[in-house]
Amino acid sequence: MKTPIKIALLLLIPALGLAQQSHIDSLRHSLKTARTDSARFSILIDLGWGLAETNRDTALYFHDQAIKLAKKNDQPLAEAAALNGKGYALMQLGKYPESLQCFQQALKLADDPQSENKTWHEHVPGLGKFTPNKYRLDNLAYIHHNLGHLMGATNNIDQQIAEYRVTRQLAMEVEDNYLLSLVNMNLGDVYQGLNRLDSALVLEHNAEQIIQQTGFKKYLGLVYKYMGDIYLKKSNKDLAIQFFHKALNSSIEQKNYAVAGYCYGDLTDYYLSEKRKDFSLYYAKKTLENLKSMGSKALDQAYENLYKSYKLTGNSDSAYKYQGLALTAKDSSFKTTVKSLADFQKLSFQAQIHAQDLEKEKAATQTRIRTYSMLAAIGVLMLLAGIFYRNNRQKQKVNNVLHHQKEEIVQQKEEIESQRDNLEITLHNLKTAQTQLIQSEKMASLGELTAGIAHEIQNPLNFVNNFSEVSIELLAEMENELKNGDAAEAIGILGDVKQNLEKINFHGKRADAIVKGMLQHSRSSGGQKEPTDINALADEYLRLTYHGLRAKDKSFNATMETHFDEHIGQININPQDIGRVILNLLTNAFYAVNEKKKLQPRDYEPLVTVTTKLISPPSGGRGVEITVRDNGMGIPQKILDKIYQPFFTTKPTGQGTGLGLSMSYDIVKAHGGELKADTKEGQYSEFSILLPL
């Protein structure tokens, strides 16, 4: 299943369930006749959750009204419950930063044991007669549960698992079996996404068992759907399709149309993979119909499946139509998601900084307490010493000694504080210098390319200038021929001019392509991956790096070889980041052969080789290997383990920051790949980038 659909499934689980439409109408009527604020609050919360999957804007409105009512009556736990509902509604609408703020405010209220002193807990639907303490802990569990959904929606998987584990612990503590079934179900789906399939299957079976025991079957279909996903990954297609149909039937029976929509999507994907066109088209139409009936705007995957289904049936007109709709929907969804995720990361960072400040303040308080305790102990010792010396008729001498000791303590304290201040300043300066060095390394990579780019642009510009001058002369000659009445000769000259203009146009486009490539390298990548021709990328950086070094050192020369696997095609990477890695490896390779050339006899021929090929990684699947090899001096074994450390370099002072290989290693790891080195001192060095497909 595609990642956007998996994220949508995580957002699907509310805390208190979905009421039927008839129940919603009944609640609206009850709201008009409610006599107390506690009763109105209970109805507003029930309405908010009841509309969570069908009318999210209206659900948000009811939760806002519940928040106002809780604040008016000074009910912190009620306010936390309403903030939890609002955060969930905002999360479903894709407003992640606002959602995170609501959950953080709710956690602050629910974490405070003093909030148990005033509570409407007996009026909140679905929780029964909880004690104030159990109600607060249960409220806290639901907040962590929904915060886990938000972490999953923003790809913070480790934090998502942590939030679900807290939820499960609290749910077991307060014996909330309904929530326990939900968190087992969601945690199982997260483990399924991490390919921990056996653990995922155990959790889903636990969820099914709890649901069967409690009789609350609203999300039994979703449990079956997740089981189908797991069996599909286990390559057990028969069991997978059985559970998908089982999930669909259960969802329709429980009128949980949101889960039913995702079951339609799973069935569409399955039959598309099996090339069964009639079934795939049927379920693709059902998916779109279901999403539109719910008012969903996330239609890009439904359009994509319809495009693929119509293409499979040979209906090119309909396939073209839905392909266009899918591209439009994806573009809109991408822009919204990127902005929300960026805002979320910024807000999350601010929260982390705030937490760090609190920890520092706590540590400083503990230090002060220890200092005061130590001073008190010293004072007691001084008092006892004074009594002993007074008894021995040495009061004056003892007083002088104690006074001297006190001055030393004060002086030592001042020295310690001074050293602490100096260390803080030094640490700040080191962090600033590190940031500047990292930026310097990035700009250095662009500088390495600049001269090569200038050389590459100069060639087409020379052609443009030369052909332009020749064309001017030909036009003047053609003008004379026309004046002399020789039309045939003029037409012949016109043909030469046309050929020159075509050549000018060709070399102009070549220069334009080089400039666009330079701009693509210099711009910020934003972490986005895109389909890229890795052979073309490696070839471009090889030529630009070589000409850049030649521009700085005219005596530099080396032989370049390329061995590109033409079957690779385009791979999904961040071209700016991978380009920086290739540039760094090529720069090191050319530097190595140039240094060896200075030391070796004339018969030494510098050689740099770039190779690409398809591979099968140890983890399974398929991958691509990009290798940069040189016949330079090699790397000594004693420093081989240090080459990826930040600021470690073998180059002379001023010629390297020591950040190139460190940054390259981090970039490749971020792509899920590996950066390996193979070297023999005095003979060669070979660096391999392994990227999974």
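The values are calculated or read from the model by the stated rules, or taken from the named source; none is laboratory data. What you see is a predicted model, and the numbers here were worked out from it, not measured in a lab. Here Cβ is always computed from backbone atoms with ideal geometry, including for glycine, and neighbour counts include all displayed protein chains. Ligands, DNA and RNA are excluded from the accessible area calculation, which covers all protein heavy atoms including side chains. Shrake-Rupley method; radii C 1.70, N 1.55, O 1.52, S 1.80 Å.
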Do you know which residues across the stretch 463-487 are in contact with a Lys or Arg (Cβ under 9 Å, 6 or more places away or on another chain) and either outside any helix (DSSP H, G or I) or aliphatic (A, V, I, L, M) (or both)? VAL464
Based on this model, can you work out whether ASP198 counts as under 27 Å from the mean Cα position of the chain (by Cα), modelled with pLDDT of 90 or more and loosely packed, with under 14 Cβ neighbours inside 10 Å? yes
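In the set LEU90, LEU12, LEU109, which member is in contact with a helix residue (DSSP H, G or I) (Cβ under 7 Å, 6 or more places away or on another chain) and at pLDDT below 90?
Values: LEU90 fails: at pLDDT below 90; LEU109 fails: at pLDDT below 90.
Residue meeting the stated conditions: LEU12.
A quick yes/no check of all residues on (1) among the basic types (Lys, Arg); (2) farther than 21 Å from SER38 by Cα; (3) at pLDDT 90 or above:
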position	(1), (2), (3)
GLU98	no, yes, yes
PHE103	no, yes, yes
GLU116	no, no, no
TRP120	no, no, no
GLY126	no, no, no
LYS129	yes, no, no
LYS134	yes, no, no
Kindly establish whether LEU691 is of a type in the set (A, V, I, L, M), open to solvent by less than 50 Å² (accessible area, probe 1.4 Å), touching a strand residue (DSSP E or B) at 6+ places or on another chain (Cβ under 6 Å) and touching a residue at least 40 places away in the same chain (Cβ under 8 Å). yes
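Given the residues LEU325, LEU299, LEU222, LEU291, which is the only one that is surrounded by 15 or more Cβ atoms within 10 Å (Cβ to Cβ), under 22 Å from GLY188 (Cβ atoms) and within 28 Å of the chain's Cα centre (by Cα)? Before the answer, list the steps.
Working: LEU325 fails: under 22 Å from GLY188 (Cβ atoms); LEU299 fails: under 22 Å from GLY188 (Cβ atoms); LEU291 fails: under 22 Å from GLY188 (Cβ atoms).
Checking each option against the conditions leaves just LEU222.
To keep it simple, each residue is scored yes or no on (1) free of Cβ contacts under 8 Å to residues at least 40 places away in the same chain; (2) open to solvent by less than 100 Å² (accessible area, probe 1.4 Å); (3) touching a Leu at 6+ places or on another chain (Cβ under 6 Å).
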residue	(1), (2), (3)
VAL470	yes, yes, no
LEU474	yes, yes, no
GLU481	yes, yes, no
ASN484	yes, no, no
ALA488	yes, yes, no
LEU494	yes, yes, no
VAL497	yes, yes, yes
LEU501	yes, yes, no
HIS507	no, yes, no
Among the residues of the stretch 146-176, what is the count of those that are of a type outside the set (D, E, K, R), open to solvent by 10 Å² or more (accessible area, probe 1.4 Å) and either under 15 Å from LEU203 (Cβ atoms) or in contact with a strand residue (DSSP E or B) (Cβ under 7 Å, 6 or more places away or on another chain) (or both)? 3
Which pairs turn up if I take residues in the stretch 175-192 that are part of a loop (DSSP other than H, G, I, E, B) and look for partners that are among the charged types (D, E, K, R) with beta carbon separation below 8 Å, at least 6 apart in sequence or on another chain? ASP176/ASP138
Collect the residues in the stretch 194-234 that are outside any helix (DSSP H, G or I) and within 16 Å of ASP266 (Cβ to Cβ), keeping them in residue-number order. TYR219, LYS234
Starting from the stretch 543-561, keep only residues that are touching a residue at least 40 places away in the same chain (Cβ under 8 Å), then list their pairs with residues that are open to solvent by less than 50 Å² (accessible area, probe 1.4 Å) and of a type in the set (D, E, K, R) whose Cβ atoms are within a distance under 6 Å, requiring at least 6 positions of separation or different chains. GLY548/GLU448
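How about the stretch 661-680: which of its residues are charged (D, E, K, R), more than 16 Å from THR627 (Cβ to Cβ) and surrounded by 14 or more Cβ atoms within 10 Å (Cβ to Cβ)?
The first filter runs over the stretch 661-680 and keeps only residues charged (D, E, K, R), leaving 666, 669, 674, 676, 678, 680.
So of that shortlist, the ones also more than 16 Å from THR627 (Cβ to Cβ) come out as 666, 669.
Matches in the stretch 661-680: ASP666 only.
Counting just the residues of the stretch 22-44 that are closer than 20 Å to ASN256 by Cβ and open to solvent by less than 40 Å² (accessible area, probe 1.4 Å), which one comes out nearest to the chain's Cα centre (by Cα)?
Residues of the stretch 22-44 that are closer than 20 Å to ASN256 by Cβ, as a first pass: 22-27.
Imposing the further condition that a residue be open to solvent by less than 40 Å² (accessible area, probe 1.4 Å) reduces the set to 24, 27.
Values: ILE24: 38, LEU27: 41 Å.
It comes out as ILE24.
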Test: GLY228 is closer than 27 Å to GLN160 by Cα and in contact (Cβ under 8 Å) with a residue 60 or more places away in the chain: no
Whether any residue in the stretch 605-624 is of a type in the set (Asp, Glu) and open to solvent by less than 40 Å² (accessible area, probe 1.4 Å) is what I want to check. no
